[in-house]
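Reviewing the structure listed below.
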Amino acid sequence: MNPTLRGKVVVITGASQGIGKATALGIAKLGAKVVMVSRDPARAAEALREVKQQSTNDDVETVTADLSLVEGAKRAAAELKARHPRIDVLINNAGLVPAGRELTAEGIESAFAINHVAHWVLIRELFAPLVAGRARVVMLVGQPSPIDFDDLTCAKGTYKTFEAYGRGKLASLAAMVEWQRRFAGTGVTMLGAFPGIVDTASMKNVGGIFSTAFARMLMRSPEKAARSSVFCATAAGLEQRPLALFSGDKPMSKFMAPKGWQEPGLVKRVVEATERLVSQVEAGGQRLTA
Ligand SMILES: NC(=O)c1ccc[n+]([C@@H]2O[C@H](COP(=O)([O-])OP(=O)(O)OC[C@H]3O[C@@H](n4cnc5c(N)ncnc54)[C@H](OP(=O)(O)O)[C@@H]3O)[C@@H](O)[C@H]2O)c1
């Protein structure tokens, strides 16, 4: 263990497998207190054991919650706040390419719920501990798709899993802009980490060429992919680069970087739609209409 992050509290969502687990290991090796947030308790326990053993850092813990539910994200945030009044880094890594169209028990389309709404609620609920840590908040960048704001549950037409995923990813990028505005003057920095095309469980639902054995051989390993998130969490001076998107230790190339996500009209619509969805759920926990 190289204890350069000793004393820092780093929260990583979706840390039970794939890129999140590799990120947790990379950060644990740097000596931070690592909190691994994920959904499945058995996978979480196994990942915790592996990360502790491979990093030789015993200061690693888990929180389990279904973050795709507003109620679940709020419960996870309450537990995190109670344990850690100061958070130095939050890596919003949890994500999903769904197998098919599904609504959460709260009535939100599941890809939009986990790829975007979950992070929105976590940041909102963790505002004070993030400010206390003058934190870095890292969002995982994925291939964006246009959002049909009149059909957020994807009820119209044929459901395309990768497009549904991309809507959540575009919304989470646009939300970064709003959070950076709300965090102005607090020292909190919003950053994006692009992991590359990575051989993980999520990829099996992408379909097409991405699901072939040959394509999977060409993909990055989760360990290599985690370098982008570890860089955003740890590199010196990134406070001067709010809203920058990194691939490894370099800014994303113009060719690869998502386009249009900082456009004020889009940011406004994402914020309004997200706040409406969340407040409808909070107003009584009723199912939204499909
Ligand atoms: N793979 C790629 O090529 C690629 C490319 C660009 C961006 N990304 C982004 O990288 C991030 C990690 O993706 P990955 O490929 O490593 O995925 P993965 O291996 O499938 O891991 C997903 C993680 O998210 C957690 N998660 C999923 N749904 C959840 C829920 N409802 N509540 C709490 N946790 C939940 C999972 O927890 P459980 O194990 O408990 O289910 C798991 O730890 C995602 O944000 C993804 O969009 C990936």
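All of the numbers you see were taken from the coordinates with simple rules; none came from a lab. Only a predicted model underlies this, so the values are computations on that prediction, with no experimental measurement involved. Every residue, glycine as well, gets a Cβ built from its backbone with ideal geometry; the counts of neighbours run over all protein chains shown.
What number, in percent, do you get for the relative contact order of the chain if the mean sequence gap of Cα pairs under 8 Å and at least 6 apart is divided by its residue count?
Reported as a whole number, the value is 18 percent.
Would you mind ranking 140, 80, 243 so that the residue whose beta carbon has the fewest other beta carbons within 10 Å leads the list?
Arranged by neighbour count, lowest to highest, 140, 80, 243 become 243, 80, 140.
Pull up all non-local amide H partners of residue 37: gap of 5 or more, or a different chain, and H-to-H distance under 5 Å with H placed in the peptide plane.
12, 13, 14, 15, 63
Please give, to one decimal in nm, the separation of the simple spin-label points placed at residue 253 and residue 223, each 7 Å out from Cα toward the Cβ.
2.6
With n ≥ 4 as the cut-off for DSSP H runs, can you work out [θ] at 222 nm for the chain, using -39500 (n - 2.57) per run divided by the number of residues, rounded to the nearest 500? Numbers along the way, then the final one.
Values: 9 runs with 114 residues, N = 290.
About -12500 deg cm²/dmol.
Would you calculate the convex hull of the Cα atoms in the range 1-155 and tell me its volume per residue in Å³?
Per-residue hull volume (Cα only) is 112 Å³.
If the cut-off is 15 Å between C-alpha atoms, which aspartates and glutamates fall inside it for residue 74, apart from same-chain ones fewer than 8 positions away?
Excluding near neighbours in sequence, the set is 66, 106, 125, 275, 282.
If the cut-off is a Cα-Cα distance under 17 Å, which lysines reach residue 21, setting aside same-chain residues fewer than 8 apart in sequence?
Within the straight-line cut-off, residue 21 pairs with 29, 33, 52, 224.
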